[in-house]
1. Tell me which residues, restricted to region 156-171, are crowded, with 18+ Cβ neighbours inside 10 Å and over 27 Å from A111 (Cα atoms).
2. Go through region 161-218 residue by residue and tally those that are out of contact with any Gly (no Cβ under 9 Å at 6 or more places or on another chain), more than 16 Å from L117 (Cβ to Cβ) and of a type in the set (V, I, T).
3. Just for region 172-199: of the residues that are touching a residue at least 40 places away in the same chain (Cβ under 8 Å) and assigned to a helix (DSSP H, G or I), which one is surrounded by the most Cβ atoms within 10 Å (Cβ to Cβ)?
4. For the structure I just gave you, tell me whether R40 is outside any loop (DSSP other than H, G, I, E, B) and modelled with pLDDT of 95 or more.
5. Say whether the condition of being more than 20 Å from K209 (Cβ to Cβ), assigned to a helix (DSSP H, G or I) and charged (D, E, K, R) is met by at least one residue in region 127-144.
6. Return the pairs, sorted by first residue and then second, in which the second residue is modelled with pLDDT of 95 or more and in a helix (DSSP H, G or I), the first residue lies in region 106-124 and is assigned by TED's automatic domain parsing to the domain that holds F170 and farther than 16 Å from T171 by Cβ, the beta carbons are less than 7 Å apart, and the residues are 6+ apart or on different chains.
7. Within region 77-119, how many residues turn out to be among the β-branched types (V, I, T), assigned to a helix (DSSP H, G or I) and under 19 Å from the mean Cα position of the chain (by Cα)?
8. Yes or no: V133 hydrophobic (A, V, I, L, M, F, W, C), touching a residue at least 60 places away in the same chain (Cβ under 8 Å) and in contact with an Asp or Glu (Cβ under 8 Å, 6 or more places away or on another chain)?
Amino acid sequence: MKTAGPAGKRGTRYRPRALRAGRGPGSGSAPAGARQTIRRLKSELAAAQLRIEELSAVAERDFLLDIFNRRGFARELHRSIAFIKRYDATGALVVLDVDRLKPINDTFGHAAGDEVLKAVARVLSEEVRSSDVIGRLGGDEFGVLMWHLSETDARVKAASLEAAIDKLSFTFGDQTVRAGASAGVALLDKRVNPVRALEEADRAMYIRKAQRRHESRV
């Protein structure tokens, strides 16, 4: 026996219009307005993530010298030591302190000191390989990360960096001055950690600085 549906037609069961059109719950499609909102939110999220990456990169660069600052250099040092431990590689950390920067700042002003720092950063960039890492650790102190060096090679390279910086001369007003730099070396192997490496290179740098002062008096 055929029955009458809600519409009053015999033999035909009533189906809601949304279900007949395939737009009911579970159909897998969203209203056009919702799709536009989703696309907009995805675009805004991608832009925000890009901005975060840009700000993070800026936060790790020295604004004056356009090299890594201490934060960025420390991240690279952690990464390098992790690589060394994993692949049993070798490397060296060189810490350099610019000599006589404070007297230059005091006598000729901080613009003169900035000129010295820029020249030192330029020399370091020219003297190391593109795979090496340069950073400003703060004030008048620089760091250089170098790969695949023996202890002898690392110390020879540190001495050559000193010599290259020692050749720099600057004219401020009617005076010509020299800066120079003292370098300390710490070898990087699978037994070292970032804090210990920086401390070791720092100690070696201060010992070298004292030696250079003594040499200049002789």
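The values are calculated or read from the model by the stated rules, or taken from the named source; none is laboratory data. Worth saying up front: this structure is predicted, and the values here are computed from it rather than measured. When we count neighbours, we look across all protein chains shown, and the Cβ atoms used for this are built from the backbone with ideal geometry, even at glycine.
1. Result: K157, A158.
2. 6
3. Residue satisfying both the conditions and the ranking: A197.
4. Numbers: outside any loop (DSSP other than H, G, I, E, B): yes; modelled with pLDDT of 95 or more: no.
No; evaluated as a whole, the condition is false for this residue.
5. no
6. As it stands, the answer is V120/I165; V123/A164; V123/I165; L124/L161, since those pairs meet every condition given.
7. So the first thing to find is which residues in region 77-119 are among the β-branched types (V, I, T), and the list is 81, 84, 90, 94-95, 98, 104, 107, 116.
Subset that is assigned to a helix (DSSP H, G or I): 81, 84, 104, 107, 116.
If we keep only those that are under 19 Å from the mean Cα position of the chain (by Cα) too, we end up with 81, 84.
The number of residues fulfilling the criteria is 2.
8. Details: hydrophobic (A, V, I, L, M, F, W, C): yes; touching a residue at least 60 places away in the same chain (Cβ under 8 Å): yes; in contact with an Asp or Glu (Cβ under 8 Å, 6 or more places away or on another chain): yes.
It is true that V133 is hydrophobic (A, V, I, L, M, F, W, C), touching a residue at least 60 places away in the same chain (Cβ under 8 Å) and in contact with an Asp or Glu (Cβ under 8 Å, 6 or more places away or on another chain).
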